[in-house]
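Everything below concerns the one structure shown next.
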Amino acid sequence: MLGDAARRLQGILTELRRLPAVLGATIARRDGILIAHALPKTMDPKKIAAMAAAIVGTSEMAVVEMGLGSFNSSIVDTQIGKMIATGAGEEAILVTMVRNEANMGLLLLSVDKAVQSIAEILKAAEVPA
Amino acid sequence: MMQSPPKPIALRAKTGIPVLDERLQGGFPRPSTLLLFSEKPTEKRLFGENFAIQGAKAGETCLYVDFFRAPQLARGELKRFGSIDPAKLVLVDATSSQLLLPSHEKYHIDDIDNLANIREAIIAAMTAERPGRIVVDSMEFLMDRFPKEDVLRLWRELIEAARAAGTVSCFLFINWTLMERELDEIRAMSDFVVEFQSSLRGGIVRNSMRISQMESNGIRTNWIPYTFKDLVGLTVYFPRILVTGPFNAGKSTVVKALAEKSISIDRMGTTVAFDYGNVNITGIEAEIFGTPGQERFEFIFKIFAREVSGVLLVVDASHPDELARARQMLDLVGPRIPYVILANKSDLPGAIPPEEIAHRMKLPDDVPVVPTVATENKGVRDALLMLAEMIIGVR
């Protein structure tokens, strides 16, 4: 059963990567530990997981401080594309990297769908020590 | 011309994990009997396989009795642990006869439904090969198929034969049906019990093991988290070691000193997010997270202060007025997490000695205070090793 959850998470990432203009995707825990990834070889998944957790953590705190309601996602805009870090349930975050030509409307819909599935899988897969 | 005698095998059977071997005074003694035990399916086979391969790497002959895998498959899977002299790994084939295939192994069990035949095949291999290590994978295979009294008798006979041959024997066993009383009996037949545990939290599998010597006052470790590394084998793994301490104590420099390829998210000389590095010392892998020291970044600290295996608390020995803040940061991590104090910048004028720091911070006696100079990579690695020993309970 342990392997089953991991496989399903990997499946979600593979699906995201297949979308046009998507460079890579990774699932990290909110405290910066890597859960699963589908990233190009040039990226270090563990480092990206830690950084994404810091971005989401700081963004969430900023949102609370500014009284802007609850946090959904952080989008980092760059010369080449965008990095979207989205909360996936209580435990996890989904990071998606896309090139600038991506259709953001469609992409965000896919990200939303992915995030819901991730939250469900992780919730069902808890096995305490 | 005199033929050179074969290389004598080491008195102790190393696990290949230096921190453990040190505690075991060089490894498991010969002869001895190990029970690799779990209540649920876990990755305990990794330990058995690793133990056999470490033996083969050390030039010992290892006997692997495999009831589940065909010999070709087992050999293929064992390649993950790195290359060995194939002659040093002797398999007892228990699957070919189950599949009605001819066995190509020197030793094979021809009648899997006959305990006497199983016994004979294993003991014949033991007597002929005089292996340094034996792994039986696994006893639950037999428990599932034969009356438990018969299996227990066979188990005792195998232990006796292994002892006579002066080898370390490992028996893998998952308990499905036995009562506590019978388990106690099995434990009492063994010299060491290695227990295994797996858990899944937030999508991440964590494996851990605990070694207990059955002899009274024997060794007893804490739960040791472990992982598998390709071509290396079993490795102690700490998913998170926190490097924390007051502003400007040298936390980022400590992370840099420990991990060659570390990253630091800093602006204007101070860490604003975190430092991260992956450390590999023989037999130990750790993910090191450095936190910001300034109070205004405390919320970042909280993101990373989960599932912490241990803490390296860095203080500036030349700025004793910051020690109160250091104490406070320790409390942020929570109780019962092992920690080591790094008295950093110990080469600067005005640096106070470790004893003085321990005294001023009102530390318990068993907390080590290690003088370090992180900029010159002095003392930092020792501090991490000490912390590792504290976490796994061998210090």
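The values are calculated or read from the model by the stated rules, or taken from the named source; none is laboratory data. Just so you know, these numbers come straight off a predicted model, no measurement behind them. Note that we place each Cβ from the backbone using ideal geometry, even for glycine, and neighbour counts take in every protein chain shown.
In summary, B:Glu298 fulfils each of the numbered conditions (1) within 14 Å of chain A (Cβ to nearest Cβ); (2) touching a strand residue (DSSP E or B) at 6+ places or on another chain (Cβ under 6 Å); (3) of a type in the set (Asp, Glu) with the single exception of condition (2). So is B:Leu234 within 10 Å of B:Gly290 (Cβ to Cβ) and surrounded by 22 or more Cβ atoms within 10 Å (Cβ to Cβ) or not? Judged against the criteria, B:Leu234 is not a match. Here is a check on your reading of the model: is B:Val92 assigned to a strand (DSSP E or B) and without any contact (Cβ under 8 Å) to a residue 40 or more places away in the chain? Yes. For the stretch B:264-311, taking the residues that are β-branched (Val, Ile, Thr), under 30 Å from B:Gly393 (Cα atoms) and part of a strand (DSSP E or B), the one that is modelled with the lowest pLDDT is identified as B:Ile281. Within the set B:Gly250, B:Gly269, B:Gly245, B:Gly218, the sole residue that is away from chain A (no Cβ under 12 Å) and out of contact with any strand residue (DSSP E or B) (no Cβ under 8 Å at 6 or more places or on another chain) turns out to be B:Gly269.
Just to confirm my filter: which helices (runs of 4 or more DSSP H) fall fully inside the stretch B:5-87 and include at least 1 residues that are over 14 Å from the mean Cα position of the chain (by Cα)?
Result: B:44-57, B:71-78.
Filtering the stretch A:69-78 to residues that are modelled with pLDDT of 95 or more and either outside any strand (DSSP E or B) or touching a Phe, Trp or Tyr at 6+ places or on another chain (Cβ under 6 Å) (or both) leaves only A:Thr78.
Scanning the stretch B:68-82 for residues that are touching a residue at least 60 places away in the same chain (Cβ under 8 Å) and surrounded by fewer than 21 Cβ atoms within 10 Å (Cβ to Cβ) yields B:Phe68, B:Arg80, B:Gly82.
The number of residues in the stretch B:237-255 being of a type in the set (Lys, Arg) and surrounded by fewer than 19 Cβ atoms within 10 Å (Cβ to Cβ) comes to 0.
Selection of the stretch B:39-67 for residues being closer than 20 Å to B:Lys14 by Cβ, basic (Lys, Arg) and surrounded by fewer than 19 Cβ atoms within 10 Å (Cβ to Cβ) yields only B:Lys57. Which residues, counting only those in the stretch B:353-395, are acidic (Asp, Glu) and either over 18 Å from B:Val19 (Cβ atoms) or not in a helix (DSSP H, G or I) (or both)? Correct list: B:Glu355, B:Glu356, B:Asp365, B:Asp366, B:Glu376.
Within the stretch A:24-49, residues that are more than 10 Å from chain B (Cβ to nearest Cβ) and assigned to a loop (DSSP other than H, G, I, E, B) reach partners that are among the small types (Gly, Ala, Ser) and surrounded by 20 or more Cβ atoms within 10 Å (Cβ to Cβ) with beta carbons closer than 6 Å, at six or more positions or on different chains, in the pairs A:Leu39/A:Gly24; A:Pro40/A:Gly24. Could you check the stretch B:95-128 and list, in sequence order, the residues that are touching a residue at least 12 places away in the same chain (Cβ under 8 Å), polar (S, T, N, Q) and in a loop (DSSP other than H, G, I, E, B)? The answer is B:Thr95, B:Ser96, B:Ser97, B:Gln98, B:Ser103.
Restricted to the stretch B:172-215, and to residues there that are hydroxyl-bearing (Ser, Thr, Tyr) and within 14 Å of chain A (Cβ to nearest Cβ), the residue that is surrounded by the fewest Cβ atoms within 10 Å (Cβ to Cβ) is B:Ser199.
Listed here are the residues, each with its yes/no results for (1) of a type in the set (Asp, Glu); (2) within 12 Å of another protein chain (Cβ to nearest Cβ); (3) surrounded by fewer than 20 Cβ atoms within 10 Å (Cβ to Cβ); (4) over 28 Å from the mean Cα position of the chain (by Cα).
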| site | (1), (2), (3), (4) |
| --- | --- |
| B:Ala257 | no, no, no, no |
| B:Gly277 | no, yes, no, no |
| B:Ile288 | no, yes, no, no |
| B:Lys302 | no, yes, yes, yes |
| B:Glu322 | yes, no, yes, yes |
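Total residues in the stretch A:71-129 satisfying the condition of being among the basic types (Lys, Arg) and within 11 Å of chain B (Cβ to nearest Cβ): the figure is 1.
Among the candidates A:Ile93, A:Ile84, which residue alone is under 30 Å from B:Thr291 (Cα atoms), assigned to a strand (DSSP E or B) and in contact with a Lys or Arg (Cβ under 8 Å, 6 or more places away or on another chain)?
Only one candidate passes the filter, namely A:Ile93.
For the stretch B:344-360, the criterion of being under 30 Å from the mean Cα position of the chain (by Cα), at pLDDT 90 or above, closer than 30 Å to B:Gly27 by Cβ and of a type outside the set (Lys, Arg) is satisfied by no residue at all.
Whether a residue is within 15 Å of the chain's Cα centre (by Cα), among the β-branched types (Val, Ile, Thr), farther than 26 Å from B:Phe289 by Cα and within 13 Å of chain B (Cβ to nearest Cβ) was assessed, and A:Ile12 passes this test. Within the stretch B:343-368, residues that are touching a residue at least 12 places away in the same chain (Cβ under 8 Å) have Cβ atoms under 6 Å from residues that are polar (S, T, N, Q) in these pairs: B:Asn344/B:Thr372; B:Lys345/B:Ser318; B:Leu348/B:Ser318; B:Gly350/B:Ser318; B:Ala351/B:Ser318, counting only partners at least 6 apart in sequence or on another chain.
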